[in-house]
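Q: Take this structure first; my questions come after.
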Amino acid sequence: MSSVVIALLQSIHRRKKSWLTRIAIALLVIPGDPGALAQRQQSSANSIANGVYLYGESDRPDVVGKEYIILETTRDRAIGAFYLPRSEFSCFYGQFKEARLNLTIIDPFDGRKSKSTLTYNQRGLSASKQPLMGQPNYQLLSKVSQNDRRILGICKLQLKLINN
């Protein structure tokens with residue numbers, strides 16, 4: 001082989017190793033599992049990743065007199081309820097737009113619909129479009145109870161009946 005061909009093959013081999021090294025470094029730099037990156041990308045588009053979430057005015061679940069929000073997100077949509085423990089609840093549906101969740105709330109007594117907006121940030125949800133000092137009114141709670149899921153199920157059924 002000529003020295004030109006050998007030099008060309010060595011150059012290709014070095015570039016290939018360099019390319020593989022860059023990929024390996026990129027994979028090591030991305031924290032978490034491979035699905036986490038896709039979930040983060042989806043989360044940034046939707047504001048909240050797909051799933052079921054419980055937010056509360058208290059950092060503890062089921063505190064009488066404190067309001068809670070149970071919601072399920074799918075793509076850029078949400079369905080859920082505002083509720084007070086051992087009291088009534090109001091179902092809602094809505095759509096994420098940037099860091100806001102635009103809601104339609106259904107009155108549990110007369111079925112009237114009203115509009116509201118929640119803002120979302122890493123610390124939680126706020127009923128104000130510009131939360132005071134960035135503090136949310138509702139903080140994310142780690143455990144969703146059977147009662148939370150029951151309320152969510154009732155709202156999903158109610159909203160399905162309304163939309164049909």
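Q: Restricting to segment 53-94, count the residues that are part of a loop (DSSP other than H, G, I, E, B), out of contact with any Asp or Glu (no Cβ under 7 Å at 6 or more places or on another chain) and farther than 19 Å from LYS156 by Cα.
A: Step one: of segment 53-94, the residues part of a loop (DSSP other than H, G, I, E, B) are 57-67, 75-76, 84-88.
Next, only the ones that are out of contact with any Asp or Glu (no Cβ under 7 Å at 6 or more places or on another chain) stay: 58-65, 75-76, 86-88.
Checking which are farther than 19 Å from LYS156 by Cα leaves us with 58-65, 86.
So the answer is 9.
Q: Checking the structure you have, find out if any residue of segment 95-114 is basic (Lys, Arg), modelled with pLDDT under 90 and under 17 Å from the mean Cα position of the chain (by Cα). Give the steps one after another, and end with the answer.
A: Within segment 95-114, the subset basic (Lys, Arg) is 97, 100, 112-113.
Subsequent filtering for residues that are modelled with pLDDT under 90 retains none.
So far as segment 95-114 goes, no, none of its residues is basic (Lys, Arg), modelled with pLDDT under 90 and under 17 Å from the mean Cα position of the chain (by Cα).
Q: Kindly provide the set of residues from segment 55-86 that are under 20 Å from LYS97 (Cβ atoms), open to solvent by 10 Å² or more (accessible area, probe 1.4 Å) and in contact with a helix residue (DSSP H, G or I) (Cβ under 8 Å, 6 or more places away or on another chain), ordered by number.
A: Within segment 55-86, the first condition is being under 20 Å from LYS97 (Cβ atoms), and the residues that meet it are 55, 69, 71-80, 82.
Checking the rest, the ones that are also open to solvent by 10 Å² or more (accessible area, probe 1.4 Å) come to 72, 74-77, 79, 82.
Across segment 55-86, the qualifying residues are GLU72, ARG75, ASP76, ILE79.
Q: Would you pick out the residues in segment 95-106 that are open to solvent by less than 70 Å² (accessible area, probe 1.4 Å) and assigned to a strand (DSSP E or B)? Working first, answer last.
A: The initial filter retains those residues of segment 95-106 that are open to solvent by less than 70 Å² (accessible area, probe 1.4 Å), namely 96, 99, 101-106.
Residues satisfying the conditions are PHE96, LEU101, ASN102, LEU103, THR104, ILE105, ILE106.
Q: What are the pairs with Cβ atoms under 7 angstrom where one residue, in segment 139-163, is farther than 23 Å from THR119 by Cα and in contact (Cβ under 8 Å) with a residue 24 or more places away in the chain and the other, located anywhere, is of a type outside the set (Asp, Glu) and crowded, with 16+ Cβ neighbours inside 10 Å? Sequence gap at least six, or different chains.
A: So the pair list comes out as SER145/PRO61; GLN158/CYS91.
Q: Does PHE92 count as in contact with a Leu (Cβ under 8 Å, 6 or more places away or on another chain), modelled with pLDDT of 95 or more and surrounded by 13 or more Cβ atoms within 10 Å (Cβ to Cβ)?
A: Details: in contact with a Leu (Cβ under 8 Å, 6 or more places away or on another chain): yes; modelled with pLDDT of 95 or more: yes; surrounded by 13 or more Cβ atoms within 10 Å (Cβ to Cβ): yes.
Yes, satisfied.
Q: Test GLN130 against the criterion of being at pLDDT below 85, more than 15 Å from the chain's Cα centre (by Cα) and farther than 22 Å from PRO85 by Cβ, and give yes or no. Spell out the reasoning first.
A: Numbers: at pLDDT below 85: yes; more than 15 Å from the chain's Cα centre (by Cα): yes; farther than 22 Å from PRO85 by Cβ: yes.
The answer is yes for GLN130.
The values are calculated or read from the model by the stated rules, or taken from the named source; none is laboratory data. Note that the structure is a prediction, hence the values are computed from the model and not measured. Because the Cβ atoms are built from the backbone with ideal geometry, glycine has one as well, and the counts that use them run over all protein chains shown. What goes into the accessible areas is simple: the full protein's heavy atoms, side chains included, and nothing from ligands, DNA or RNA. Shrake-Rupley method; radii C 1.70, N 1.55, O 1.52, S 1.80 Å.
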